[in-house]
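Everything below concerns the one structure shown next.
The values are calculated or read from the model by the stated rules, or taken from the named source; none is laboratory data. For clarity, every value in this text was computed on a predicted model and none was experimentally measured. Ideal geometry is used to build each Cβ from the backbone, glycine not excepted, and the neighbour counts take in all protein chains shown. Remember, those area values only see protein heavy atoms, side chains included, never the ligands or the DNA or RNA. Shrake-Rupley method; radii C 1.70, N 1.55, O 1.52, S 1.80 Å.
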Amino acid sequence: MSTSNHSRPSTSNTSRTKALRDLLQSDTVEFLMGAHDGLSAKIVEGEGFRGIWGSGFSIAAAMGVRDCNEASWTQVVETCEQMCDATRVPILLDGDTGYGNFNNVMRLVRKCEQRGIAGICLEDKLFPKTNSFINGTTQLLASKEEFCGKIRAAKDTQTDECFSVVARTEGFIVGQPLSDVLARADAYYEAGADAILVHSKSRTSDEVVAFAQAWDRPCPLVIVPTTYGSTPSAVFEDAGISVVIWANHTLRASVNAMREVSRRIYQDHSIADIEQEVAPLADVFQLQGVDELLDAEIRYLPTVSTISQKQAPLKEFASHND
Ligand code: SPV
Ligand code: MG
């Protein structure tokens, strides 16, 4: 066993689950930022976010597929594991419907715990789900009873007591009235949910604020204000919302950036004018942790002369960044 004290500090799974639970139960409003791969997760963490939303929509889009369970659950969990490996903050995985019935949920929770994922959000639609903003009127909800079984199965399966199960109701998405949405959330709380995510596709925050005002259970509320993003966060805080998820903005920012750079290089047949506008290689090396490798080379390679030709360019670019 190595006695080195130079190794990268790690964050144990337990401290991440505790960190997510603390965010959910915080007295002030907290924010999770969506990410879809190791790089975006690292960038989100680097900008100060204390937790990450493993967005199903964004992970699917990054794979070039629809947010309709076209990506398999193992692909999603593997992607989320890469995000965990790249960061130390907790990740709440968007687990959609749990990819099947209660039994699939149980296996999903086991795998999430094994991979260092701090919590999972399950939604009360039918598998295969469709993104909430696609043709919502044709979307079907699971029965309250069936979904409660999934929540109970998830809670009974987790081995880390701080692993969080967030129950997401899509009642407003399919046009249910407030009373029905509240009844669903109430049942999910009784089934053991650690928080309720109440989703809405309204252009205003009225639905979720009305929900929050009527919610009298000691159970945190989570929202995803993608369509009502112009609402100031103070409104959410005043309404008693615990966690706000900015779900998909890293993915959408990357779409614009990749399209623009591809368009210009295609038109110009040159990269000359673009160089100053893209991230320097040294920046990417830093995000990849090349410094750590250079440090390890000094400790583990017998002599500098043994550094392979393949590794040498990394050193060169890294030092140009100084
Ligand atoms: C996601 O990010 O995958 C979500 C949030 O579920 S939303 O797309 O806004 O429904
Ligand atoms: Mg989703």
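Looking only at the stretch 119-146, count how many residues are more than 14 Å from ligand 2 (Cβ to nearest atom) and out of contact with any Phe, Trp or Tyr (no Cβ under 7 Å at 6 or more places or on another chain).
Here is the first cut: in the stretch 119-146, the ones more than 14 Å from ligand 2 (Cβ to nearest atom) are 119, 126, 135, 137-138, 140-146.
The next check asks that each one be out of contact with any Phe, Trp or Tyr (no Cβ under 7 Å at 6 or more places or on another chain); those that pass are 126, 135, 137-138, 140-146.
Summing the residues that are more than 14 Å from ligand 2 (Cβ to nearest atom) and out of contact with any Phe, Trp or Tyr (no Cβ under 7 Å at 6 or more places or on another chain) in the stretch 119-146 gives 11.
Of all residues in the stretch 274-292, how many are open to solvent by 70 Å² or more (accessible area, probe 1.4 Å) and within 19 Å of residue 258 (Cα to Cα)? Steps first, answer last, please.
Here is the first cut: in the stretch 274-292, the ones open to solvent by 70 Å² or more (accessible area, probe 1.4 Å) are 275-277, 280-281, 286, 288, 291-292.
Those left that are additionally within 19 Å of residue 258 (Cα to Cα): 275-277, 280-281.
Residues that pass the stated criteria total 5.
For residue 265, indicate whether it is surrounded by 19 or more Cβ atoms within 10 Å (Cβ to Cβ) and not charged (D, E, K, R).
Spelling it out, it is not the case that residue 265 is surrounded by 19 or more Cβ atoms within 10 Å (Cβ to Cβ) and not charged (D, E, K, R).
Quickly run through the stretch 95-127 and pick out the residues that are open to solvent by 10 Å² or more (accessible area, probe 1.4 Å) and either touching a Gly at 6+ places or on another chain (Cβ under 6 Å) or within 16 Å of ligand 1 (Cβ to nearest atom) (or both).
Result: 99, 102, 104, 126, 127.
Specify which of the listed residues (19, 61) is more than 16 Å from ligand 2 (Cβ to nearest atom), open to solvent by less than 50 Å² (accessible area, probe 1.4 Å) and touching a residue at least 24 places away in the same chain (Cβ under 8 Å).
Only one candidate passes the filter, namely 19.
Please pick out the residue among 226, 250 that is within 16 Å of ligand 2 (Cβ to nearest atom) and farther than 18 Å from residue 132 by Cβ.
250
If a residue must be buried (at least 17 other Cβ atoms within 10 Å of the Cβ) and away from ligand 2 (no atom under 16 Å from the Cβ), how many such residues does the stretch 211-223 contain?
The qualifying residues number 6.
Evaluate the stretch 7-22: report whether one residue or more is hydrophobic (A, V, I, L, M, F, W, C), under 26 Å from residue 75 (Cβ atoms) and more than 14 Å from the chain's Cα centre (by Cα). Even if it seems obvious, please write down each step before you answer.
Taking the stretch 7-22 first, the residues hydrophobic (A, V, I, L, M, F, W, C) are 19-20.
Still in the list and also under 26 Å from residue 75 (Cβ atoms): 19-20.
Next, from what is left, pick out any that are more than 14 Å from the chain's Cα centre (by Cα): 19.
Within the stretch 7-22 (the criterion being hydrophobic (A, V, I, L, M, F, W, C), under 26 Å from residue 75 (Cβ atoms) and more than 14 Å from the chain's Cα centre (by Cα)), the answer is yes, since at least one residue qualifies.
Among the candidates 66, 88, single out the residue that is open to solvent by 60 Å² or more (accessible area, probe 1.4 Å) and within 13 Å of ligand 2 (Cβ to nearest atom).
Matching residue, one of 66, 88: 66.
Looking at (1) within 16 Å of ligand 2 (Cβ to nearest atom); (2) among the aliphatic types (A, V, I, L, M); (3) buried (at least 23 other Cβ atoms within 10 Å of the Cβ), can you tell me which one residue 174 breaks?
The failed condition is (3).
Among 60, 86, which is within 16 Å of ligand 1 (Cβ to nearest atom) and in the same structural domain as residue 188 (by TED's automatic domain parsing)? Walk me through it before giving the result.
Numbers: 86 fails: within 16 Å of ligand 1 (Cβ to nearest atom).
Going through 60, 86 in turn, just one is within 16 Å of ligand 1 (Cβ to nearest atom) and in the same structural domain as residue 188 (by TED's automatic domain parsing): 60.
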